[in-house]
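The values are calculated or read from the model by the stated rules, or taken from the named source; none is laboratory data. Not measured: the values here are computed from a predicted model. So basically every Cβ, Gly included, is an ideal-geometry build from the backbone, and we count neighbours across all protein chains shown.
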Amino acid sequence: MPGLSFSRSASIYDPIVPASAVSWQRLLSWGNRLMALGGLMTLASVWSGYVLADHLSLLLQGLSHVSALLWAVLIKFGFIMRLSALNRKQLGSSQP
C-alpha cells in the first residue's frame with residue numbers, strides 16, 4: 001500500500017548482521033557452549049560405538065562412528081568462535 005512504511009531494526013538473528021553487532025562476550029559464550037556440546041556428544045558417540053557395540057546393530061555402530069567425527073566438528077567451530085571473540089576483545093581494548 002502506498003504511504004505505508006515499515007521500519008525494522010537489525011538484530012543478531014537477522015541473516016546479514018555486521019560483525020561489530022555481535023559482542024565478543026556473546027561470541028565467547030556461544031563458543032564455550034558449542035565446544036562443551038561437541039565434547040559431550042563426541043564422548044557419547046564413542047561410548048555408544050565402542051562400549052555398547054555388542055548391544056547395537058551394525059547400522060547403529062556405523063552411525064555412532066560417523067557421528068563421532070561430525071560432533072568433533074562442533075568442537076572445532078566452538079574453538080574458532082572463541083579465538084574470534086578473544087581477538088575482538090584484544091582489538092577493542094587496544095584502540096584508544
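Key figures for this structure:
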| read-out | value |
| --- | --- |
| Close pairs from the range 17-39: first closer than 10 Å to Met81 by Cβ, partner β-branched (Val, Ile, Thr) and at pLDDT 95 or above, Cβ under 7 Å, at least 6 apart | Met35/Ile75 |
| Residues of the range 54-96 that turn out to be farther than 23 Å from Leu37 by Cβ and in a helix (DSSP H, G or I), as a count | 9 |
| Residue in the range 38-52 that is surrounded by the most Cβ atoms within 10 Å (Cβ to Cβ), counting only those that are of a type in the set (Gly, Ala, Ser) and within 17 Å of the chain's Cα centre (by Cα) | Gly38 |
| Tabulated pairs, the range 62-90, first under 15 Å from Arg26 (Cα atoms), second surrounded by fewer than 15 Cβ atoms within 10 Å (Cβ to Cβ) and among the aromatic types (Phe, Trp, Tyr), C-beta under 6 angstrom, 6+ apart or interchain | none |
